1. Taking segment 43-71 as the search range and keeping residues that are more than 16 Å from the chain's Cα centre (by Cα) and among the polar types (S, T, N, Q), which one is modelled with the highest pLDDT?
2. Within 12 Å of residue 97 (Cα to Cα) and touching a residue at least 60 places away in the same chain (Cβ under 8 Å), is that true of residue 38?
3. Only one of 72, 83 is in contact with a Lys or Arg (Cβ under 6 Å, 6 or more places away or on another chain) and of a type in the set (Gly, Ala, Ser). Can you tell me which?
4. What are the residues in segment 8-39 that are at pLDDT 70 or above and of a type in the set (D, E, K, R), if any?
5. Do we find that residue 49 is surrounded by 10 or more Cβ atoms within 10 Å (Cβ to Cβ), touching a strand residue (DSSP E or B) at 6+ places or on another chain (Cβ under 6 Å), among the hydrophobic types (A, V, I, L, M, F, W, C) and touching a residue at least 40 places away in the same chain (Cβ under 8 Å) in this structure?
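The values are calculated or read from the model by the stated rules, or taken from the named source; none is laboratory data. This structure is a prediction, so every number in the text was calculated from the model and none was measured. For neighbour counting, all protein chains shown are included, and Cβ atoms are generated from backbone atoms with ideal geometry for every residue, glycine included.
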Amino acid sequence: MNNKKQKSCRAIVRKPILNNNYVLVRIRRRLVKELIDTESVTTIINKKIARQLGLKFGPTDRTVALYSANGSRMPVTANVDISLYFSGLSISHTAKVVKKLVHDLILGADF
């Protein structure tokens with residue numbers, strides 16, 4: 001068991017839900033448009049955005065295969081830990097990192 005304290009990222013909701021699907025969250029001083037998708041089995045983040053935010057990439061189970069709504073494969077390259085803040089409530093969560101994701105962040109059913 002790894003006893004090292006993992007550095008997490010804080011996200012703060014600053015805007016109301018847009019078009020009933022999106023929430024703007026602040027992650028490390030940057031606003032990120034988060035898609036709420038209850039049909040997605042897991043929470044995923046765009047690899048480019050994760051790098052720009054300076055998130056620490058952790059290991060992932062390489063046997064996990066994710067597929068988009070159109071059936072194309074989305075390889076998971078890493079996991080990142082983030083903290084989401086909703087009206088004073090802090091929720092820590094792990095997101096899977098995907099290289100070519102249309103959205104910045106998708107909050108899935110695992111949330």
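1. 70
2. Details: within 12 Å of residue 97 (Cα to Cα): no; touching a residue at least 60 places away in the same chain (Cβ under 8 Å): yes.
Answer is no for this residue.
3. Values: 72 fails: in contact with a Lys or Arg (Cβ under 6 Å, 6 or more places away or on another chain).
On inspection, the qualifying residue turns out to be 83.
4. So the first thing to find is which residues in segment 8-39 are at pLDDT 70 or above, and the list is 21-39.
Result: 26, 28, 29, 30, 33, 34, 37, 39.
5. Values: surrounded by 10 or more Cβ atoms within 10 Å (Cβ to Cβ): yes; touching a strand residue (DSSP E or B) at 6+ places or on another chain (Cβ under 6 Å): no; among the hydrophobic types (A, V, I, L, M, F, W, C): yes; touching a residue at least 40 places away in the same chain (Cβ under 8 Å): yes.
Judged against the criteria, residue 49 is not a match.
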